[in-house]
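Undergrad: A single structure is presented below for examination.
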Amino acid sequence: MQFYFLYSKRIFSLDRTFFSLNLRCRTFTQTKPLRLERTEKIVIKLLGDFARIFLDQGIITTDDLKLPKTKLWKIVAEIATSGKIFYSIDHTVDILLQAELFYSAKQYHFAKVFYSMFFEHSLNYLIRQECERREISDKVIMDITRSVDIFGKLTWLPILIGLKAFSAAHLKTIKRLADDRNGFVHYKWKLIEDYDKKLGKNIKLEAEIELQFESIKRAVKYMRFYSSTSLYKGKKAVIEAKFGKQRGK
């Protein structure tokens, strides 16, 4: 068996610290000295990541989530250690933070680049999870994520792989954002007329910018909701009660 799980680089670094766990004896050990309380929290967070993926892939069921915490932890750990594990780094929290920092600094072009990256990363992860559930090969998954543009990932592709339709209003916002991002990243040095120095026009421009970013932030909130309902099948609160909340989610 092969398992993929999402891992946030700020929680724990797998290339720096490794650990083994025995949930039956409630002991935790690792190759580098670390406080027991800290290690236990790390283990539970990682088990939570596994549980979220196993639930999405149908390896554990909603009935399993009703089990006592320690029994559920043990089941998840046994499944995780029964096969080969591959991990991916979840950059979305840090990308979103960087987008907000650029927005606060009024570096709007750079903010759009990072907000656009947030949507792209989020959609690609959902696509991968749904394709893996259908046992689609990794090569085909990579071909899909590389060849289908953002519009396709927001319209026909979700329907094709069994996800619910994406909100039309937020689709329009993300499409405009992607166009702005591409225009900046693939800059063509197009000549534009200088802005009128009159105060009225400056105020109008600022208002338009604010309206666009308000729409972007609403779309971010929707994207998180869309991801949560798609991945956790309405059981996010139950998983968080057993394993704790994911950072920044």
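The values are calculated or read from the model by the stated rules, or taken from the named source; none is laboratory data. All figures in this text were calculated on a predicted structure; none of them were measured in a lab. Every residue, glycine among them, receives a Cβ derived from its backbone with ideal geometry; neighbour counts consider all protein chains shown. Heads up: the accessible areas ignore ligands, DNA and RNA and are worked out on the full protein's heavy atoms, side chains in. Shrake-Rupley method; radii C 1.70, N 1.55, O 1.52, S 1.80 Å.
Undergrad: Go through (1) open to solvent by 60 Å² or more (accessible area, probe 1.4 Å); (2) modelled with pLDDT under 90 one by one and return the number of the condition K172 breaks.
TA: All conditions are met except number (2).
Undergrad: OK, next. Please find, among V140, V113, V148, the residue that is open to solvent by 50 Å² or more (accessible area, probe 1.4 Å), of a type in the set (V, I, T) and farther than 29 Å from K45 by Cβ.
TA: Details: V113 fails: open to solvent by 50 Å² or more (accessible area, probe 1.4 Å); V148 fails: open to solvent by 50 Å² or more (accessible area, probe 1.4 Å).
Just a single option satisfies the conditions, and that option is V140.
Undergrad: Continuing with the same structure: Kindly provide the set of residues from region 156-183 that are in a helix (DSSP H, G or I), in contact (Cβ under 8 Å) with a residue 40 or more places away in the chain and of a type outside the set (S, T, Y), ordered by number. Talk me through it step by step, then tell me what you get.
TA: So in region 156-183, the residues in a helix (DSSP H, G or I) come out as 156-160, 168-183.
From what is left, the residues that are in contact (Cβ under 8 Å) with a residue 40 or more places away in the chain are 170, 173-174, 177-178, 180-181.
Correct list: H170, I174, L177, A178, D180, R181.
Undergrad: Taking region 99-152 only, how many residues are among the hydroxyl-bearing types (S, T, Y) and touching a Cys at 6+ places or on another chain (Cβ under 8 Å)?
TA: Total meeting the criteria: 0.
Undergrad: I'm told G200 meets every condition in (1) part of a helix (DSSP H, G or I); (2) modelled with pLDDT under 90; (3) open to solvent by 90 Å² or more (accessible area, probe 1.4 Å); (4) not acidic (D, E) except one. Can you identify the failing condition by its number?
TA: For G200, the exception is condition (3).
Undergrad: Restricting attention to region 53-71, report how many residues are crowded, with 18+ Cβ neighbours inside 10 Å, at pLDDT 75 or above and either at positive phi or in a helix (DSSP H, G or I) (or both).
TA: Matching residues across region 53-71 total 2.
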